[in-house]
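Q: Handing you this structure, nothing more for now.
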Amino acid sequence: MAGRQGGVKSMNLRKGDNLVSMDVLTSDLVDQLAKNEDLDNEIDENLEVNSSEGPWVLIASAFGLGKRVPVTQFRLQKRAGMGLKAIKFRIKDDVLVCLKVLGEGEELLFVTEKGVIVRTNADKISQQSRAATGVKLQRLDEGDHLSEVVLVPHEQTEEMDQLNSSEEN
């Protein structure tokens, strides 16, 4: 039985583009997005979104800028689609370093090239539209860049909460 050895094309890239990051959506979320598309309830990209229940897409750039965008602002596409613009860069030579799907109460670690690590709650990150440029996620030293954003597993956040509550008693 002969199968595909090279795989299939997930998306078409424009000249100069690279695939930086990806995340997997649950089937329930894909169904919800499909229903939203059927209802044609698109949000105007120029409007800032003030309230939305998760999940969100976290988008972060090398210069420490980022934002949370409701997943519903990204329409479903077929295989080998061209994709959608997720962030408008306001600093020349800035690049995308992270794209992660987040739920409410998630915690993140921001890691820089020089080894500085900052832990924060994702709910504190501004929620914006796809067209927005984002806000400063982490203050960076001269010449340093954000290199990775890590989602802290729920088990670790629960353990920390238990340790903190036992220390208070």
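The values are calculated or read from the model by the stated rules, or taken from the named source; none is laboratory data. Keep in mind that what you see is a predicted model, and the values were worked out from it rather than measured. Note: ideal-geometry Cβ built from the backbone for every residue, glycine included; neighbour counts use all protein chains shown.
Q: Given Val97, Val101, which one is out of contact with any Phe, Trp or Tyr (no Cβ under 9 Å at 6 or more places or on another chain), in a strand (DSSP E or B) and among the β-branched types (Val, Ile, Thr)? I'd like the intermediate steps shown before the answer.
A: Details: Val101 fails: out of contact with any Phe, Trp or Tyr (no Cβ under 9 Å at 6 or more places or on another chain).
After applying the criteria, what remains is Val97.
Q: Is it true that some residue in region 50-63 is of a type in the set (Asp, Glu), surrounded by 12 or more Cβ atoms within 10 Å (Cβ to Cβ) and in contact with a strand residue (DSSP E or B) (Cβ under 9 Å, 6 or more places away or on another chain)? Reasoning before the result, please.
A: So in region 50-63, the residues of a type in the set (Asp, Glu) come out as 53.
Retained after the next criterion (residues that are surrounded by 12 or more Cβ atoms within 10 Å (Cβ to Cβ)): none.
So far as region 50-63 goes, no, none of its residues is of a type in the set (Asp, Glu), surrounded by 12 or more Cβ atoms within 10 Å (Cβ to Cβ) and in contact with a strand residue (DSSP E or B) (Cβ under 9 Å, 6 or more places away or on another chain).
Q: Which residues, counting only those in region 82-95, are modelled with pLDDT of 85 or more and surrounded by 17 or more Cβ atoms within 10 Å (Cβ to Cβ)?
A: Hit for region 82-95 is Asp94, nothing else.
Q: Would you confirm whether any residue within region 39-51 is modelled with pLDDT of 85 or more and within 20 Å of Thr133 (Cβ to Cβ)?
A: As a first pass, look at region 39-51 and keep what is modelled with pLDDT of 85 or more: none.
No, every residue in region 39-51 fails to be modelled with pLDDT of 85 or more and within 20 Å of Thr133 (Cβ to Cβ).
Q: In region 116-144, which residues are outside any loop (DSSP other than H, G, I, E, B) and in contact with a strand residue (DSSP E or B) (Cβ under 8 Å, 6 or more places away or on another chain)?
A: Residues of region 116-144 outside any loop (DSSP other than H, G, I, E, B): 117-124, 127, 135-136.
Within region 116-144, Ile117, Val118, Arg119, Thr120, Asn121, Ala122, Gln127, Val135, Lys136 meet the criteria.
Q: May I pose another question? For the condition among the hydrophobic types (A, V, I, L, M, F, W, C) and free of Cβ contacts under 8 Å to residues at least 40 places away in the same chain, what is the one hit in Ile125, Ile87, Ile117?
A: Numbers: Ile125 fails: free of Cβ contacts under 8 Å to residues at least 40 places away in the same chain; Ile87 fails: free of Cβ contacts under 8 Å to residues at least 40 places away in the same chain.
Every option except Ile117 fails the conditions.
Q: Step by step: first the residues of region 95-147, then only those that are acidic (Asp, Glu) and over 24 Å from Gln73 (Cβ atoms), then the one that is nearest to the chain's Cα centre (by Cα). Which residue is that?
A: First, the residues of region 95-147 that are acidic (Asp, Glu): 104, 106-107, 113, 123, 141-142, 144.
Imposing the further condition that a residue be over 24 Å from Gln73 (Cβ atoms) reduces the set to 113, 141-142, 144.
On the way: Glu113: 19, Asp141: 23, Glu142: 25, Asp144: 21 Å.
That would be Glu113.
Q: Return the total of residues in region 59-84 being of a type in the set (A, V, I, L, M, F, W, C) and without any contact (Cβ under 8 Å) to a residue 24 or more places away in the chain. Before the answer, list the steps.
A: Let us first name the residues in region 59-84 that are of a type in the set (A, V, I, L, M, F, W, C), namely 59-60, 62-63, 65, 69, 71, 74, 76, 80, 82, 84.
Okay, now just the ones that are also without any contact (Cβ under 8 Å) to a residue 24 or more places away in the chain, so none.
The qualifying residues number 0.
Q: Does region 14-32 hold any residues that are in contact (Cβ under 8 Å) with a residue 24 or more places away in the chain and either closer than 16 Å to Ala80 by Cα or in a loop (DSSP other than H, G, I, E, B) (or both), and which are they?
A: Arg14, Val20, Ser21, Met22, Asp23, Val24, Leu25
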